[in-house]
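Trainee: Structure incoming, see below.
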Amino acid sequence: MYARISSFSTFTEVAREHFVKFSDLEQKRRIFLENLEQDNQELTSIEREIGKAGIIVIVFSCMAAEAQIYDYAARHISDSFAREHLDKLDTYSKWLVIPRLVTGKEISKNAKPLQLLKSVIKLRNEIVHSKSQPLPAEPEQVNKFLSKYTTRMAEFPGEVHRASQLLQELPVFLQEIDPNEPASYGLR
């Protein structure tokens with residue numbers, strides 16, 4: 001093994017820092033609502049910051065997952081093979097294929113970390129590839145839109161927590177697949 005440069009630990013650190021910020025802002029929002037403060041502008045500002053921190057957690061968690069598995073492939077197979085053949089795979093497929101190539105072990109698609117990865121990637125894609133849409137004109141369409149939006153916003157904190165959990169579980173999962181892989185690799 002030789003020295004390498006990877007963005008995995010930086011991406012992980014950014015995601016973790018923003019998860020702390022996200023959690024602190026969630027607590028601030030709860031306290032604000034418990035005290036029934038009437039400053040809607042401040043509440044809007046807190047919720048906007050919660051959204052931004054959550055987006056960073058989700059996007060950087062996916063970036064960390066991809067950087068980690070790419071680095072694993074490059075270290076155990078080769079830089080050129082990883083770059084020419086494996087880099088073209090989507091992140092989820094890399095997590096299925098690369099450990100199998102290195103260890104020869106079948107990787108279960110039902111493993112909890114891979115299910116987490118799949119759901120966080122789906123959300124990341126919704127965020128990164130967000131599309132504008134016209135506002136609904138009919139009252140029933142407005143109500144349907146608002147209901148969907150409210151549900152989506154209620155689900156968001158759980159999704160951010162899953163992205164943070166992904167950061168904890170993927171390195172351990174990789175170490176379980178490949179006991180020669182340090183569990184603390186790339187983590188500070």
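Read-outs: derived from the displayed coordinates by stated rules, not from any lab. Nothing here was measured: the structure is a model prediction, and the numbers come from that model. All Cβ positions, glycine included, derive from the backbone under ideal geometry; neighbour counts span all protein chains shown.
Trainee: For residue 165 paired with residue 35, estimate the spin-label separation in nm (one decimal), with each label point 7 Å from Cα along the Cα-to-Cβ line.
Mentor: Taking the simple label geometry, residue 165 and residue 35 are separated by 3.2 nm.
Trainee: Let me ask something else about it. Given the C-alpha atoms of the stretch 8-177, compute the convex hull and give its volume per residue in Å³.
Mentor: Each residue corresponds to 141 Å³ of Cα convex hull volume.
Trainee: How far apart, in nanometres, would the label points at residue 45 and residue 127 be if each is projected 7 angstrom from Cα along the Cα-to-Cβ direction?
Mentor: The two pseudo-label positions are separated by 2.3 nm.
Trainee: Based only on other Cβ atoms within 10 Å, what is the fewest-to-most ordering of 103, 44, 12? Don't jump to the answer; show the numbers that get you there.
Mentor: On the way: 103 16, 44 10, 12 24.
Sorted ascending by nearby Cβ count, the order is 44, 103, 12.
Trainee: Just to confirm the filter: which trypsin sites (Lys or Arg not before Pro) across the stretch 1-75 are DSSP coil and have at most 11 other Cβ within 10 angstrom of their Cβ? Each step should come with its number before you reach the end.
Mentor: Numbers: sites: 4, 16, 21, 28, 29, 30, 48, 52, 75; in loops: 4.
Passing sites in the stretch 1-75 are 4.
Trainee: Pick out, in residue order, every one of the chymotrypsin sites (Phe, Trp or Tyr not before Pro) in the stretch 1-84 that is DSSP loop and has at most 12 other C-beta atoms within 10 Å; say none if there are none.
Mentor: On the way: sites: 2, 8, 11, 19, 22, 32, 60, 70, 72, 81; in loops: 2.
Sparse-neighbourhood loop chymotrypsin sites (Phe, Trp or Tyr not before Pro): 2.
Trainee: Could you list the GluC sites (Glu not before Pro) in the stretch 4-80 that lie in coil according to DSSP, counting only those with at most 11 other Cβ atoms within 10 Å of their Cβ? Let's see the in-between values first.
Mentor: Working: sites: 13, 17, 26, 34, 37, 42, 47, 49, 66; in loops: 37.
Hits after loop and neighbour filter: 37.
Trainee: Take peptides 124-131, 136-143, 157-164 and line them up by average Cβ neighbours within 10 Å, highest first, as a rough protection proxy. Write out the running numbers ahead of the final one.
Mentor: Values: 124-131: 11.4, 136-143: 9.9, 157-164: 19.9.
Descending packing order for the listed peptides: 157-164, 124-131, 136-143.
Trainee: Still on this model: Please arrange 5, 121 by counting, for each residue, the other beta carbons lying within 10 Å of its beta carbon, fewest first. Intermediate values should be presented prior to the final figure.
Mentor: Details: 5 5, 121 21.
Placing the least packed residue first, the sequence is 5, 121.
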